[in-house]
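Heads up: the structure comes next, in structure tokens.
The values are calculated or read from the model by the stated rules, or taken from the named source; none is laboratory data. In this text, all values refer to a predicted model and were calculated from it rather than measured experimentally. Cβ atoms come from the backbone with ideal geometry, glycine included; neighbour counts cover every protein chain shown.
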């Protein structure tokens, strides 16, 4: 089910991660800063066309934006599920670090063959 609150929260997080302000995002989308604020505060949503533009701009899926999934599409084509619980997120980061180290070892072995 579509949640205006989740959409707004995720839009704000993505905007902050990209280090752009509401005015810059509004100009990109052809809307006002007030409309961005209303979306981020869960007061309103946007059109289907703008939803697709937002997804492309931030390189995420529309399903992620509207809260249907927690899997974020990354720049590298890797889908990452972002846990909402901080403890689970810390554990996921630790596992990721272990995976990166294992990949480095595998790369070095292949280079030395």
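If I filter the range 26-75 down to residues being within 26 Å of residue 89 (Cβ to Cβ) and over 15 Å from the mean Cα position of the chain (by Cα), which single residue comes out as surrounded by the fewest Cβ atoms within 10 Å (Cβ to Cβ)?
41
In the range 25-67, which residue that is out of contact with any strand residue (DSSP E or B) (no Cβ under 7 Å at 6 or more places or on another chain) and in contact (Cβ under 8 Å) with a residue 40 or more places away in the chain is farthest from residue 7 (Cα to Cα)?
Here is the first cut: in the range 25-67, the residues out of contact with any strand residue (DSSP E or B) (no Cβ under 7 Å at 6 or more places or on another chain) are 25-58, 62-63, 65-67.
Checking which are in contact (Cβ under 8 Å) with a residue 40 or more places away in the chain leaves us with 44-45, 54, 58, 65-67.
Values: 44: 10, 45: 8, 54: 11, 58: 13, 65: 5, 66: 5, 67: 6 Å.
By that ranking, first place goes to 58.
Taking only pairs six or more apart or across chains, which ones have beta-carbon atoms under 6 Å, a first residue in the range 85-96 that is in the same structural domain as residue 70 (by TED's automatic domain parsing) and on the phi > 0 side of the Ramachandran plot, and a second residue that is assigned to a helix (DSSP H, G or I) and surrounded by 12 or more Cβ atoms within 10 Å (Cβ to Cβ)?
none
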